[in-house]
1. Just checking, how many residues over the range 257-303 are touching a strand residue (DSSP E or B) at 6+ places or on another chain (Cβ under 8 Å) and of a type in the set (Val, Ile, Thr)?
2. From TYR278, TYR266, grab the single residue that is assigned by TED's automatic domain parsing to the domain that holds GLN127 and part of a strand (DSSP E or B).
3. Here is a list: THR194, THR223. Which entry is outside any helix (DSSP H, G or I), farther than 25 Å from ASP343 by Cβ, away from the ligand (no atom under 12 Å from the Cβ) and polar (S, T, N, Q)?
4. Within the range 245-288, count every residue that is within 19 Å of the chain's Cα centre (by Cα) and either within 25 Å of GLY186 (Cβ to Cβ) or buried (at least 21 other Cβ atoms within 10 Å of the Cβ) (or both).
5. Can you list residue pairs whose Cβ atoms sit under 9 Å apart, with the first residue in the range 282-309 being under 22 Å from ARG124 (Cα atoms) and the second being among the basic types (Lys, Arg)? Count only pairs 6 or more apart in sequence or on different chains.
6. Quick one: what pairs do we get from the range 83-107, first residue within 27 Å of MET298 (Cα to Cα), second among the small types (Gly, Ala, Ser), C-beta under 6 Å, 6+ apart or different chains?
Amino acid sequence: MNSAHPEPPADPDLGAIMAIATGHWQTKILVTAVEADLFTNLSGSSATIPELSERLGYRMPGAKGFFLALVGLGLLESHDGRLRNSATAEQFLVRGRPQYIGGYLQFCARELNPAWDGLAVALRTGQPQNRAAIEGNPYDSLYRDEAATEAFLDSMDMFNTPIGLHVSSLDWSPYSSVVDVGGARGNLAHTLVTRNPHLTAIVFDLPQLESAFTRHMAALGGTDAVSFVGGDFFTDPLPEADVLIFGHILHNWSEEHRIKLLQNAYQAVRPGGAVLVYDPMVDGANPPFNAVLASLSMLVWSAGGSEYSVEECHGWLTKVGFRPETVAPAGMPDDVLVIGHKDR
Ligand SMILES: C[S@@+](CC[C@H](N)C(=O)[O-])C[C@H]1O[C@@H](n2cnc3c(N)ncnc32)[C@H](O)[C@@H]1O
């Protein structure tokens, strides 16, 4: 992810506006290519435009324009009349690669993008434009669709894998137990115990994710050090541990709910322990552009969610009794890690 702001044009520039205006078309081109598995098809090889059109069942001349658009987007390269994946496409758009981003694209297409259609209403009312978030917890609706759940979990793991490596490299020697609250199918918890074998971990998440957790642990080679507890973090007590993690959780909820979650965490963290919070954070007058976009995504998709500043996070932690400390960055360009210590 590029966290830099787009360069403002030095002079009035219609091209800059056109680049934004055609963003929807560019997304469609990318998603269409990924859904057709074009990059997986081309991986490690090359093909002429007619060969590739035939493989995908596309007709000329539309197909030629489509492939040339992918060259223009930097996802394909053209050499001597043959097309091949660019290095970026080879790493992120080939199915089965560890950093495959297809699940995230599906999650955007199914969940986030329809909610973005209501941006103007959300800006005026502050209300989510995602029916599931108005009716209850938007994850309950998401998890009724097995394919969408899988795509969502893939995309969470794409983001939490580098964060998990970073979090694992902190000093865990004072602690022996950890609960990843809203820890999805346990990807980060598995990294944590694998790299810190003295730890045991619990993944606390909605009961619908238990089977995905079991499958994912088996796919990672199995471990007895991570277990799953199903529950609702607003109504059920959180399991006790030395450390509780809230990763990409607080930004889904309103300030009132964030404080409640941190209060619950304070009850569950043992004296001398800590709570870890990571989210993309929006600090100062020039926050990372992607964090600002993520904040608007929360506005339209979740009930009361948004990104927030490090200072706000410190304020909530202090309010419920933790002693806050910022450890940035968190392993992804826009994410910040904040730790709240519970004194003995
Ligand atoms: C944005 S995901 C973050 C997943 C993971 N922590 C990560 O960093 O990739 C939010 C997680 O919160 C879980 N969640 C949402 N509402 C919950 C609730 N009421 N109780 C427990 N877990 C919940 C979801 O199932 C999902 O796994």
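The values are calculated or read from the model by the stated rules, or taken from the named source; none is laboratory data. All values reported here derive from a predicted model rather than from experimental measurement. Glycine gets a Cβ as well: all are built from the backbone with ideal geometry, and neighbour counts include every protein chain shown.
1. Residues that pass the stated criteria total 4.
2. Matching residue, one of TYR278, TYR266: TYR278.
3. THR223
4. Qualifying residue count, the range 245-288: 18.
5. Qualifying pairs under 9 Å: TYR308/ARG258.
6. GLY103/ALA151; GLY103/SER155; TYR104/SER155; GLN106/ALA151; PHE107/ALA151; PHE107/SER155
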